[in-house]
Amino acid sequence: MKIIISGSGIGGLVSALYLNKYGHDVVIYEKNDFAGGKVNEYKKDGYRFDTGPTLITMPFVLKKFFEDIDENINDYAELNELEKTCRYFWSDGTMFDSYSDTEKLSEEITKRFGNDELNAFKNFLEFSRKLYKISEKYFLTKEFKLRNFINADGIRYFRKFTSKKSLNTRANKFFKDKKLINVINRFATYNGSSPFLTPQLFSIIAYVEYMFKPYYVKSGIKKLADSLVELCNNRGIEINYNASLKGIENNNDVITTVITENKSGSIKEIKNFDVLLSNFTNNSSLTGKKYLENTDWSLSGFLMLMGIEGKNKKLQHHNILYSDDYEKEFNDLFIKKLPAENMTIYICITSRTDENDAPRGHENWFVLVNAPSISNNFEWSEENKEMYKNKIIQRIKEFGTDIEKKIKFCNIFCPSDFLNLYNCENGSIYGLSSNSLKTMFKRTRNRSNKYRNLFFAGGNTHPGGGVPLCFLSGKIVSNIINK
Ligand SMILES: Cc1cc2nc3c(=O)[nH]c(=O)nc-3n(C[C@H](O)[C@H](O)[C@H](O)COP(=O)(O)OP(=O)(O)OC[C@H]3O[C@@H](n4cnc5c(N)ncnc54)[C@H](O)[C@@H]3O)c2cc1C
């Protein structure tokens, strides 16, 4: 079969390599002049920054993909486990370190929150383990079909799996300490949702991180995308850059023509193909206007990439500075659709682990704050960006680290930049949010219900957002197409 893939994000590249392995003829059309989509980086004056993912969960998914296409991941990218996985800060001076080693983590939980909370933590992991096992078997690795759940496991866990109780409600049932609840609640943001709305099912994100540990890619996450591109090149998969999918023509339920446009505006019509696979979902001719009229988009981000003079011993590779009112923060983001006044700040400093990422004696700060998806309620004007940047720097100072005079440069990405760069709906990073079971079910499936020869892969589709799930979506969709 001749397969056209539109978009070269992780979902597109992984699908291309599976389909090529299955013997199909694959060609990719990508709107940008680079591949990898959100898995990208920025370099300036000797500093290197990831501009998208900074943390990989479920590393076994990536390893398995390389095995499936007869390669070894170690020949392409070095995935490393961090001993200290994250340092959490609260404005009252409390600090909590998360470790990848279970014993060390247990000691730290006991030290900070007491023995009862350690027991609660173990019980919480056991609760989420059961949900994870069901998800892994019937949801994460398979095309989405309700009938997948009609079996003994599905019936046994039906209520837990489809419970409308929020992650926060569930966390409150296990834990007493509000700070530990904060730690658990933040996992909802891994798919761009609110812990106060997202169903308890997403406790599986916490389970996945504690169980399989978080990893980082040495020399930057872009290495991963680059290795997929290298494999495409080696295997004769053509990638056409600066080629944006503009529209389609169809004959009833079959797409017959794909229309692409390059940067200079010249239009190309592609007719000779069997299947179109899209790695993005915001083209109404593909997904339909109704999908784009959804309002419950996942979070976007306000990202500052800063070259910082000096070293900040208090901070580690991954750091979280919590807001004083987590619920209000998510209310601002999802209900008012405004940037949070009192925001939680994520600071990732890869140069703490990888010295080559910053000049000697300096650090590369990736500072990410959750932002609402684009709406009429707020405009990221230059003035607003500057004001928000200063607010964040002031907030970091309140936590005891003053960087104001140490900033060599600050490059900002706001929701409209994510929209322009990657064409993601309303700048939202993970497509539709998972703030309710209803929106979860509205997520684009891997197979179009409108056109027989149209399929979807990537973080906006089943099984969900984030790098490992994009690998899984590539596998699921390739198997469907191959069949
Ligand atoms: C700031 C940030 C932090 C993140 N942190 C993490 C993290 O720590 N861990 C994690 O696992 N995930 C994280 N993610 C999410 C992760 O990056 C995404 O889920 C994943 O990379 C999405 O891949 P995708 O295959 O859906 O494609 P995308 O990366 O969305 O790529 C889609 C591709 O399609 C192209 N395209 C769009 N429109 C067209 C068109 N009309 N014609 C042709 N091509 C088109 C785009 O240019 C792009 O190359 C983060 C993302 C961001 C932005």
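The listed residues are Ile239, Ile320, and the only one of them that is over 30 Å from Asn72 (Cα atoms), touching a Phe, Trp or Tyr at 6+ places or on another chain (Cβ under 9 Å) and either in a loop (DSSP other than H, G, I, E, B) or of a type in the set (A, V, I, L, M) (or both) turns out to be Ile320. Among the residues of the range 211-226, those that are among the basic types (Lys, Arg) and surrounded by fewer than 21 Cβ atoms within 10 Å (Cβ to Cβ) comprise Lys213, Lys218, Lys223. Scoring Asn279 on the criteria (1) crowded, with 18+ Cβ neighbours inside 10 Å; (2) within 16 Å of the ligand (Cβ to nearest atom); (3) polar (S, T, N, Q); (4) over 14 Å from Ser6 (Cα atoms) leaves a single failure, condition (4).
With a cut-off of at least 1 residues that are outside the structural domain of Lys145 (by TED's automatic domain parsing), under 27 Å from Ser163 (Cβ atoms) and in contact with an Asp or Glu (Cβ under 7 Å, 6 or more places away or on another chain), name the helices (runs of 4 or more DSSP H) lying wholly within the range 370-483.
Working: elements: 382-398, 415-422, 437-442, 467-482.
Because the criterion is at least 1 residues that are outside the structural domain of Lys145 (by TED's automatic domain parsing), under 27 Å from Ser163 (Cβ atoms) and in contact with an Asp or Glu (Cβ under 7 Å, 6 or more places away or on another chain), the helices (runs of 4 or more DSSP H) in the range 370-483 that meet it are 437-442, 467-482.
Looking across the range 281-312, the residues that are closer than 30 Å to Asp402 by Cβ and either without any contact (Cβ under 8 Å) to a residue 12 or more places away in the chain or of a type in the set (A, V, I, L, M) (or both) come down to Leu299, Leu303, Met304, Leu305, Met306, Ile308.
Check the range 193-210 and report whether any residue there is without any contact (Cβ under 8 Å) to a residue 40 or more places away in the chain, of a type outside the set (A, V, I, L, M) and either within 30 Å of Met440 (Cα to Cα) or buried (at least 21 other Cβ atoms within 10 Å of the Cβ) (or both). Talk me through it step by step, then tell me what you get.
To start, the set of residues in the range 193-210 that are without any contact (Cβ under 8 Å) to a residue 40 or more places away in the chain comprises none.
The answer is no; no qualifying residue exists.
Among the residues of the range 326-347, those identified as surrounded by fewer than 22 Cβ atoms within 10 Å (Cβ to Cβ) and farther than 16 Å from Ala188 by Cβ are Lys336, Lys337, Leu338, Glu341, Asn342, Ile345.
What do you reckon, is Asn411 within 12 Å of the ligand (Cβ to nearest atom) and more than 15 Å from the chain's Cα centre (by Cα)? Even if it seems obvious, please write down each step before you answer.
Numbers: within 12 Å of the ligand (Cβ to nearest atom): no; more than 15 Å from the chain's Cα centre (by Cα): yes.
So Asn411 does not fit the description; no.
Yes/no matrix, rows are residues, columns are (1) within 22 Å of Thr85 (Cα to Cα); (2) touching a His at 6+ places or on another chain (Cβ under 8 Å):
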position: Asn279; (1), (2): no, no
position: Ser284; (1), (2): no, no
position: Thr287; (1), (2): no, no
position: Trp297; (1), (2): no, no
position: Gly307; (1), (2): no, yes
position: Gln316; (1), (2): yes, no
position: Asn331; (1), (2): no, no
position: Phe334; (1), (2): no, no
position: Glu341; (1), (2): no, no
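The values are calculated or read from the model by the stated rules, or taken from the named source; none is laboratory data. Keep in mind it's a predicted model, so treat the numbers as computed, not measured. Note: ideal-geometry Cβ built from the backbone for every residue, glycine included; neighbour counts use all protein chains shown.
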